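J.: Mind looking over this structure? Questions follow.
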Amino acid sequence: MADLIRNPEDNTPFPWYVRSGTKLLRCGYTTGTCAALAAAGAAELLLSGNKPESVRLVTPKGIPVDVVPDYCDKKDDQAVCAVRKDGGDDLDSTDGLLITAAVKKSESGIRIEGGAGVGRVTRPGLDQPVGEAAINSVPRKMITAAAAGVCEELGYPGGLEITISVPGGEVAAKKTFNPQLGITGGISILGTSGIVEPMSEQALLDTIAIEIRQAGCGQKDRLILTPGNYGADYLRSSAGLPGLVPQVKCSNYIGNAIDMAANEGFREVLLVGHIGKLVKLAGGIMNTHSRYADGRRELFCAHAALCGASAEICRELMEQAMTDGCIEVLLRHGMWEEVKQSLLISVQEHLEQRAAGAVRIGALLFSNVYGTLGTTAEADCMMDDWRAAGVLPEPHAEHVFTEKQEEKTEQVRIVIFGGTAEGRELSARLAEEGADVTVCVASEYGNAVQETVKGIHVQTGTLSPEEKQELLRDACLCVDATHPYALHITESVKEACIRTGVRRIRLVRAASRTDGAVVVRSAGEAAEYLQGRKGNILLTTGVKELQDFRQIDRSRLFPRVLPLGESLAACEEMGIPAKNIIAMQGPFSRECNEAMIRQLDIAFLVSKDGGVRGGFPEKAEAAENTGICMIVIGRDEEEGLDLQETLEECRKVLHRSYSGGTL
Amino acid sequence: MNLHAKKPTPMLKRYLVTFFFRLAVFIIMLVIYLTDRVRLEELMSQPIVNGVTIIHVLWVIFMIMMLTHIFPSNRFSMAIKKADHVNYDPQEFEELELLRFVKEQNIRAWTVLLVWLCFNAVFGLLYLLGVIKDIDLLMLTVFYFLSDYICILFYCPFQFKIMKNRCCVNCRIYDWGHFMIFTPMLFICNFFSWSLFFTSCVVLIRWELYYAKHPERFWFGSNKNLNCVNCKDRICKYKGKCNS
């Protein structure tokens, strides 16, 4: 996705753009965003009695949307609010439709229902189960969060019933793919980022070309191509991939991406993708966008027929909305293995035809439901070669889905690299759910504060790379819940996971707001900033960064460290006067921080961005209330999951293992 | 990399060779123009079946020169190569800054075009009034052919007065050269002149399409290859000396 640009010359409510050549294309917001905004507006009117002048939310992409509702009305016990869909310069059949939310009070919880103009799911395999309104999971989360935010703000403890409707949605849906997908009666409420980004095809192709070229900067031997987010997620979560091989998302442009890789001089290309996309390759469809060609069911059907399927089975295949449904049919009739082999052979043939000898190419197909489905013969050989070359680890935790999958009953082992509050909470909750959890903490102190419930084993001390690999040897999953500033540990955990082929999840803390603070890149930079300024300094960065402040007069420094001998020794070694040392364990409340600032006549508070769990908001509030200067050692944005998402991912692994499925 | 290196770069050597070649062509043509005007005029309309003449040789030279710009070789200067995606080495940039740069450069480029067309319109008018003839316009073209390299190597009025870009590598209108050289050919209605003029239009259109679709390749703020530190041409060192 391209970077969004805020255009200061645009005074419209949504001045966000993407660039295409020398033109700026205006972005819009999704039906999901509109539904969440409408729900928030209606909830506000219902609970406060005031019609909101504007409604606002921050989309999952982090872009704020602030719009004036088209109307807000309250009748009896229900409030209705409507927001008009604005697709920006990407006009589709839903552009300009009103998305309305009718909100009623209920006893507890937030329930979302689809009204007139919102489609209903009639076939399995979609984001929502059969019978549900076609409001996808991300918009549901957005609607819930928006309504819950209003309830919290207005101090309403009860629940809400929200009905999303789209006047004219039924007519508009006829111009979409909903009828083919088995969604009837209206449009879908969609969107994963909350934002509609218009982009020309050429701009997309250029972006892919640049990414492929950049991927080849280090070496041009091997490349992994994935069509989209499913592929990227699969690689991130799958054992052994992508290893040390560069990876590029190629969207639907499989054929173009193969040509580009060949032009760039890559020798071996592995295509990793969802069967819903890559099965099209079996029919020689090299642009997998549905507007060019679909043919997924037809291909399943043709290959099943080639393998001897009856007309009845073929008919059943043709009735499926999604490829997972086709797999299920074939599994039921005991034909999956044979049809899969036939499809894989065909995929390989077409890939080789396209590559025309310029690159060695193979494909790996997976499904979100069944995990890894299979690899083409060439992909198999290629991956073996990559393992021999040391760029892919030996497989051990990942299995290819077969019909003869044996049930797994042994306890699932999860390794958590912790030492943080999130690590402690995660380990306790996973142990409660029956996982065999090993928590690695660097210090004895970390060991002491780690909860010791049944199922948790604590490993104390700094581990060498080999020891980390050994620890991960028979683990199903590794969670890196280390401190956001412990980058070297994160790197070594990542390396160990790649080497052992264990799936890794990075648990990240959201970055905090640092409005009004001086943000620097390192402790050294903070020290430089402080050198020319007068006043006492409260150092809350931890003992490891203490040395960076050695140029500053010791009498000005008031380090707040953990109550450990080694921390005190470090302070003493630095020559910090004993009266200046604060040896306490957090968390510290705002009041406590304020008291320290006032007591010690502090003028500067130096802190890392430790997030909510690191007590950062309390420090920031205390600094603001006392009027002192806060210096924040910033950190780079990291990709990963928050605590709740990590927990959900771990649960999925536990669930799959206990139910005999595969990762 | 030593920015103050005195040793001529391979690109400078290449430029000098081309300059002297063009100078030679100009001198030869000037000598013929001054000594045998009538013969030269005859040659301009002589078909190739009657024998290869210096005009045919000149046409081939011009055509080869333009074709190499339509399909540029890797040995060319970054000034031309920057349009191609393989020479785009992206760096972080502000999209709005890029668009501001594009807008400003476009205004300057339009100014250059206007000045150039007005300047040549004078010759066009003189030609239509019968004051000057085909042969004079041909000599003007050959003079522009030489001037192109004078602009690159010594002094470019468009660069210093209008475009104000730091060097040729960063020039928005670098590949307008052929269009400018063959502008006088527009006024002469025959195969020799129009084939040259319209081929030069193809070179120009190709360049402008690249610029419209990928402006980020043309700005030093977004393409690392256009930064001085990555420059292999270093023509500015000599051009700067000439101008000082």
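The values are calculated or read from the model by the stated rules, or taken from the named source; none is laboratory data. As the structure is a computational prediction, the values presented were derived from the model and not from experiment. Methodologically, a virtual Cβ is constructed for each residue, glycine included, from the backbone with ideal geometry; neighbour enumeration extends over all protein chains shown. Side chains are part of the model used for accessible areas, which takes the heavy atoms of the whole protein and leaves out ligands, DNA and RNA. Shrake-Rupley method; radii C 1.70, N 1.55, O 1.52, S 1.80 Å.
J.: Show me the helices (runs of 4 or more DSSP H) entirely contained within the range B:45-146 in which 1 or more residues are open to solvent by 80 Å² or more (accessible area, probe 1.4 Å), out of contact with any helix residue (DSSP H, G or I) (no Cβ under 9 Å at 6 or more places or on another chain) and closer than 22 Å to B:Phe187 by Cβ. Let's see the steps before the verdict.
T.: Numbers: elements: B:54-70, B:78-81, B:95-128.
Those helices (runs of 4 or more DSSP H) span B:95-128.
J.: Taking only pairs six or more apart or across chains, which ones have beta-carbon atoms under 8 Å, a first residue in the range A:538-562 that is under 21 Å from A:Leu487 (Cα atoms) and modelled with pLDDT under 85, and a second residue that is among the acidic types (Asp, Glu) and surrounded by fewer than 17 Cβ atoms within 10 Å (Cβ to Cβ)?
T.: A:Val543/A:Glu566
J.: Let me ask something additional. Any residue in the range A:586-614 that's under 22 Å from A:Asp642 (Cα atoms): show its pairings with residues that are open to solvent by 20 Å² or more (accessible area, probe 1.4 Å) and part of a strand (DSSP E or B) at Cβ separation under 8 Å, as long as the two are six or more apart or on different chains.
T.: Cβ pairs passing all conditions: A:Gly614/A:Lys608.
J.: All but one of (1) under 23 Å from A:Val138 (Cα atoms); (2) within 14 Å of another protein chain (Cβ to nearest Cβ) hold for A:Asp66, so report the exception by its number.
T.: (2)
J.: Moving on. Out of A:Ile285, A:Ile254, A:Ile275, which single residue is β-branched (Val, Ile, Thr), crowded, with 21+ Cβ neighbours inside 10 Å, out of contact with any helix residue (DSSP H, G or I) (no Cβ under 6 Å at 6 or more places or on another chain) and more than 15 Å from A:Val359 (Cβ to Cβ)?
T.: Numbers: A:Ile254 fails: more than 15 Å from A:Val359 (Cβ to Cβ); A:Ile275 fails: out of contact with any helix residue (DSSP H, G or I) (no Cβ under 6 Å at 6 or more places or on another chain).
Going through A:Ile285, A:Ile254, A:Ile275 in turn, just one is β-branched (Val, Ile, Thr), crowded, with 21+ Cβ neighbours inside 10 Å, out of contact with any helix residue (DSSP H, G or I) (no Cβ under 6 Å at 6 or more places or on another chain) and more than 15 Å from A:Val359 (Cβ to Cβ): A:Ile285.
J.: Working only within the range A:1-40, note down all residues that are more than 27 Å from A:Thr176 (Cα to Cα), open to solvent by 30 Å² or more (accessible area, probe 1.4 Å) and more than 11 Å from chain B (Cβ to nearest Cβ).
T.: Correct list: A:Asn11, A:Thr12, A:Pro13.
J.: Got a number for residues in the range A:590-639 being in a strand (DSSP E or B) and over 26 Å from A:Gly423 (Cα atoms)? Outline the logic, then answer.
T.: Residues of the range A:590-639 in a strand (DSSP E or B): A:602-608, A:629-633.
Filter once more, so that each one left must be over 26 Å from A:Gly423 (Cα atoms): A:602-605, A:629-631.
Final tally of qualifying residues: 7.
Every residue, every condition in (1) at pLDDT below 95; (2) farther than 26 Å from B:Ala24 by Cβ; (3) not aliphatic (A, V, I, L, M), yes or no:
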{"site": "B:Ser73", "(1), (2), (3)": "yes, no, yes"}
{"site": "B:Met78", "(1), (2), (3)": "yes, yes, no"}
{"site": "B:Lys81", "(1), (2), (3)": "yes, yes, yes"}
{"site": "B:Asp84", "(1), (2), (3)": "yes, yes, yes"}
{"site": "B:Gln91", "(1), (2), (3)": "yes, yes, yes"}
{"site": "B:Thr111", "(1), (2), (3)": "no, yes, yes"}
{"site": "B:Gly130", "(1), (2), (3)": "yes, yes, yes"}
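J.: Restricting the range A:348-390 to residues that are outside any strand (DSSP E or B) and within 25 Å of the chain's Cα centre (by Cα), which is surrounded by the most Cβ atoms within 10 Å (Cβ to Cβ)?
T.: First, the residues of the range A:348-390 that are outside any strand (DSSP E or B): A:348-359, A:368-370, A:376-390.
If we keep only those that are within 25 Å of the chain's Cα centre (by Cα) as well, we get A:368-370.
Numbers: A:Asn368: 14, A:Val369: 16, A:Tyr370: 21.
Out of the qualifying residues, it is A:Tyr370.
J.: Take A:Ala527 and tell me if it is part of a helix (DSSP H, G or I), open to solvent by less than 60 Å² (accessible area, probe 1.4 Å) and either under 24 Å from A:Glu422 (Cβ atoms) or in contact with a Lys or Arg (Cβ under 9 Å, 6 or more places away or on another chain) (or both). Steps first, answer last, please.
T.: Details: part of a helix (DSSP H, G or I): yes; open to solvent by less than 60 Å² (accessible area, probe 1.4 Å): yes; either under 24 Å from A:Glu422 (Cβ atoms) or in contact with a Lys or Arg (Cβ under 9 Å, 6 or more places away or on another chain) (or both): yes.
When the stated conditions are applied, A:Ala527 passes them.
J.: Among the numbered criteria (1) open to solvent by less than 10 Å² (accessible area, probe 1.4 Å); (2) without any contact (Cβ under 8 Å) to a residue 24 or more places away in the chain, which single criterion is violated by A:Ala475?
T.: (2)
J.: Residues that are in contact (Cβ under 8 Å) with a residue 60 or more places away in the chain and either at negative phi or not assigned by TED's automatic domain parsing to the domain that holds A:Pro227 (or both): does the range A:298-316 have at least one?
T.: Taking the range A:298-316 first, the residues in contact (Cβ under 8 Å) with a residue 60 or more places away in the chain are none.
No, because not a single residue in the range A:298-316 is in contact (Cβ under 8 Å) with a residue 60 or more places away in the chain and either at negative phi or not assigned by TED's automatic domain parsing to the domain that holds A:Pro227 (or both).
J.: Tally time: how many residues in the range A:117-139 are in contact with a helix residue (DSSP H, G or I) (Cβ under 8 Å, 6 or more places away or on another chain) and among the polar types (S, T, N, Q)? It would help to see each step written out before you state the result.
T.: Just the residues of the range A:117-139 that are in contact with a helix residue (DSSP H, G or I) (Cβ under 8 Å, 6 or more places away or on another chain), to begin with: A:117-119, A:123-128, A:134-136, A:138-139.
Then drop every residue that is not among the polar types (S, T, N, Q), which leaves A:128, A:136.
Of the residues in the range A:117-139, 2 are in contact with a helix residue (DSSP H, G or I) (Cβ under 8 Å, 6 or more places away or on another chain) and among the polar types (S, T, N, Q).
J.: May I ask you to list the residues in the range A:20-66 that are part of a strand (DSSP E or B), touching an Asp or Glu at 6+ places or on another chain (Cβ under 8 Å) and either under 21 Å from A:Arg111 (Cβ atoms) or in contact (Cβ under 8 Å) with a residue 40 or more places away in the chain (or both)?
T.: Residues satisfying the conditions are A:Leu25, A:Arg26, A:Gly28, A:Tyr29, A:Val55.
J.: Continuing with this model, one more query. Mind checking which residues of the range A:324-366 are farther than 29 Å from A:Gly216 by Cβ and in contact with a strand residue (DSSP E or B) (Cβ under 7 Å, 6 or more places away or on another chain)?
T.: A:Asp324, A:Ile327, A:Lys340
J.: Sort out which residues of the range B:182-218 are within 14 Å of another protein chain (Cβ to nearest Cβ) and open to solvent by 30 Å² or more (accessible area, probe 1.4 Å), and write them in order of number.
T.: Those that are within 14 Å of another protein chain (Cβ to nearest Cβ) and open to solvent by 30 Å² or more (accessible area, probe 1.4 Å): B:Glu208, B:Leu209, B:Tyr210, B:Ala212, B:Lys213.
J.: Of everything in the range A:530-571 that's part of a helix (DSSP H, G or I) and of a type in the set (Lys, Arg), which residue is least open to solvent (accessible area, probe 1.4 Å)?
T.: A:Arg556
J.: Moving to a separate point now. Quick one: in the range B:62-118, which of the residues that are of a type in the set (Phe, Trp, Tyr) and free of Cβ contacts under 8 Å to residues at least 24 places away in the same chain is nearest to the other protein chains (Cβ to nearest Cβ)? Quick ask: steps written out before the conclusion?
T.: Just the residues of the range B:62-118 that are of a type in the set (Phe, Trp, Tyr), to begin with: B:62, B:71, B:76, B:88, B:93, B:101, B:110, B:116.
Now drop any that are not free of Cβ contacts under 8 Å to residues at least 24 places away in the same chain, which leaves B:71, B:76, B:110.
On the way: B:Phe71: 15, B:Phe76: 19, B:Trp110: 14 Å.
Applying the filter and picking the extreme gives B:Trp110.
J.: Can A:Ile633 be described as more than 36 Å from the chain's Cα centre (by Cα) and surrounded by 19 or more Cβ atoms within 10 Å (Cβ to Cβ)? Full working, then the answer.
T.: Numbers: more than 36 Å from the chain's Cα centre (by Cα): no; surrounded by 19 or more Cβ atoms within 10 Å (Cβ to Cβ): yes.
So A:Ile633 fails the test.
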